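A short write-up of the structure that comes next.
Rule-based calculations on the coordinates, nothing more; no lab input. Note that the coordinates shown come from a computational prediction; the quantities given were computed from them, not determined experimentally. Counting neighbours? That spans all protein chains shown, and the Cβs are built from the backbone with ideal geometry, glycine included.
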Amino acid sequence: MNKKHFLLSLLLVLVARLSYAQTTPQATILTLEEAITFATTNNISIQKGQLDEESAEYRIKETKGSGLPQVNGVGQFNVFPSIPTQILPGEIIGKPGTTVPVQFGTKYNTNGGLELSQLIFSKSYFVGLEAAATTRDLYRLRTQMSKEDVIYNVSSAYLQALQTKEQFKTIEANFNRLVQLEKILTLQYKNDFVKKVDVSRITVSRTNLENQRQTLLAAYEQQKNALKFFMGMPMDQDFELSEATTLANTVLPVNANAGEVFANRVDYQLLQTQKKLYGLNIKNIKGRAFPTLAGIGQYTYQAQRNEFNFYDTSRPWFNTFVLGLRLNIPIFDGFQRKNQVKQAQMEERKVELDMKNLELGTQMGLGNAIKQIATSQLSIQSQERNVKLAQEVYKTTNDLYREGLAPLTDLLEAEVNLRSAETNLNSERLKYKIAQLDYLKARGELQTLIK
């Protein structure tokens, strides 16, 4: 083997790679915490949740407003082409035993004024106030749920993109080794040191890796676009992922008890709030069976004319002022309230079943996440040893090949085994981080990723 030609070829490759690295622009580095922080401000789902919270405040004010004085302006204008006639006894005009038709009223009548009402007692009103305040908590929890979903989606997308990036680096390193070897073999072939078939084998392997590089590069860009979507970031904004990302601070308990983590689960708190709302709805429906009492007042002006001359200031208008109470006592509603209560009770029972289902799901999620973490830790250790052995085998085989003591097929096989070991290691590291993420989600502690 011509070592002089080999060293010269290797030097040319290294110089080319160094020149490329110096001229390649550096993109902004985005950490996982920065990605989550950005998402909690810009994600559309979270923004919609915040609008729902703001809307709940107006709903509370609306409910309170129904208990404040209600003032309405009223007005009415009537035209009687034919004035109503009443029959009166003839005694009033000295004709006993007869009847007299008399028209009462005028052709034109109008009135206008103000009506005032003030709620004094309504059981449904006070229950509605409590329900409105609970609705505020419901929307607040929904916003937190949206944040947790966004944190999980952003973290998962980030980790998957980071794993693809690491896999690309592995393929890139193997690709560069084959490119260098191809150049060296091509030069050696021109000097009759190797056969044409050896160059062709390297070219085939290099082409296969080139295709993998392109596939991984496209997948990486697609995963970054998915990450931008979850973050609410413009698609034309570019960044690179931080390779220092880790969830290593996750602390595992001795056992996975779902009952101990419910207090931290926003979805469980949300179900509790929904159950409370359904209970208040039942109270509200039952409250409609109670009497309601309201104070009323009315002040009106009215005029009656046989001619349309209401603008004539010399003709009188008459005022009326009325104060009173309005009592409404429900007696029979065709069993509507009874059936409404039954429907609301069914909804309340469904929420209770959702809570039981969540407890089972939390227990399963905790157990699976802890088991996967433990399994991945062992697998990572095993794969790290495997990668180290594969590197040693590749290095030894490469040295033997340079000295002419090993065929090219052994070198290519060693390169494939090394690539496979590195790929498996990257895959196990991703499983480990995703399992940590699932563990934090099961415990309701995703917010700790940005604290």
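Applying 1/(1 + (r/R0)^6) with r as the Cβ-Cβ distance of residue 384 and residue 29 and R0 = 22 angstrom yields a FRET efficiency of 0.30. Taking only Cα atoms, what is the 0 to 90° angle, nearest 10, from helix 123-190's long axis to the longest principal axis of the chain? Between the helix axis and the principal axis of the chain, the angle is about 20 degrees.
Let's test the formula: R0 of 41 Å, r as the Cβ-Cβ distance of residue 229 and residue 64. What FRET efficiency results, to the nearest 0.05? Walk me through the numbers before you get to the answer.
Values: r = 40 Å, r/R0 = 0.97.
My answer for the efficiency is 0.55.
Among 287, 207, 92, pick out the residue whose Cα is farthest towards the positive end of the charge dipole of the chain, where Lys and Arg carry +1 and Asp and Glu carry -1 on C-beta, about the Cα centre. Result: 92, furthest along the dipole toward the positive end. 3J(HN,Hα) along region 77-89: 9, 10, 10, 10, x, 10, 6, x, 10, 10, 9, 10, x Hz, from the Karplus curve 6.51 cos²θ - 1.76 cosθ + 1.60 with θ = phi - 60°, whole Hz, x for Gly and Pro.
Return the label of the correct value of Kirkwood radius over Cα pairs in Å, as calculated from the structure shown, out of (i) 22.3; (ii) 25.7; (iii) 30.7. It is the one labelled (iii). Sequence-ordered 3J(HN,Hα) estimates for region 207-222 from the Karplus curve with 6.51, -1.76 and 1.60 and θ = phi - 60° stand at 5, 4, 5, 4, 5, 5, 4, 5, 5, 5, 5, 5, 5, 5, 5, 5 Hz, glycine and proline given as x. Computed on the chain, with alpha-carbon pairs under 8 angstrom and 6+ residues apart, the relative contact order is 23 percent. Taking 25 Å as the limit for the C-alpha separation, the pairs 64/147; 169/224; 275/433 exceed it in the case of 64/147; 275/433. Modelled label positions at residue 80 and residue 314, each set 7 Å beyond Cα in the direction of Cβ, lie 2.5 nm from each other.
Coupling constants for region 352-363 follow from the phi torsions by the Karplus curve (6.51 cos²θ - 1.76 cosθ + 1.60, θ = phi - 60°), and in residue order they are 4, 5, 4, 5, 5, 5, 5, 4, 5, x, 5, 4 Hz; glycine and proline get x.
Relative contact order for region 69-224: what is it in percent, counting Cα pairs under 8 Å that are at least 6 residues apart? Walk me through the numbers on the way to the answer.
Details: 121 pairs, mean separation 30.5, N = 156.
Once normalised by length, the contact order is 20 percent.
Less than 5 angstrom separates the built amide H of residue 239 from none of the residues sequence-distant by 5 or more or on a different chain.
Take the alpha carbon gyration tensor of region 85-217, find the square roots of its eigenvalues, order them as a ≥ b ≥ c, and report rounded if a/c is under 1.5; if not, report prolate when a/b exceeds b/c, else oblate.
On the way: a/c = 9.96, a/b = 4.37, b/c = 2.28.
Taking the square roots of the gyration eigenvalues as a ≥ b ≥ c, region 85-217 is prolate.
The value of relative contact order for region 385-432, using C-alpha pairs under 8 Å at least six residues apart, is 44 percent. Can you bin region 263-366 into rounded, prolate or oblate? Criterion: square roots of the alpha carbon gyration tensor eigenvalues sorted a ≥ b ≥ c, rounded for a/c under 1.5, prolate for a/b above b/c, oblate for the rest. Note, shape of region 263-366 comes out prolate.
Summarising the amide proton neighbourhood of residue 100: residues at separation of 5 or more, or on other chains, whose placed amide H is nearer than 5 Å comprise 88, 90. Full extension of the chain between residue 356 and residue 391 yields a length gain of 7.5 nm, computed as 0.36 nm times the residue separation minus the alpha carbon distance.
With each run of n ≥ 4 DSSP H residues scored as -39500 (n - 2.57), what mean residue ellipticity at 222 nm is computed for the chain after dividing by its residue count and rounding to the nearest 500 deg cm²/dmol? If you can, show how the numbers build up before the last one.
Working: 9 runs with 286 residues, N = 451.
The helix-only estimate for the chain comes to -23000 deg cm²/dmol at 222 nm.
Extension gain, residue 264 to residue 306, is 7.4 nm, computed as 0.36 nm per intervening residue step minus the present C-alpha separation.
Considering only DSSP beta bridges whose two residues both sit in the chain, what percent are antiparallel, to the nearest 5?
Working: 39 of 41 bridges.
Within the chain, antiparallel bridges account for around 95 percent of the total.
A simple spin-label model places the labels of residue 333 and residue 374 5.7 nm from each other, with each point 7 Å out along Cα-to-Cβ. Per 0.36 nm of contour for each residue apart, how much would the distance between residue 349 and residue 298 grow if the chain were fully extended, relative to their Cα-Cα spacing? Length difference between fully extended and current span is 13.7 nm.
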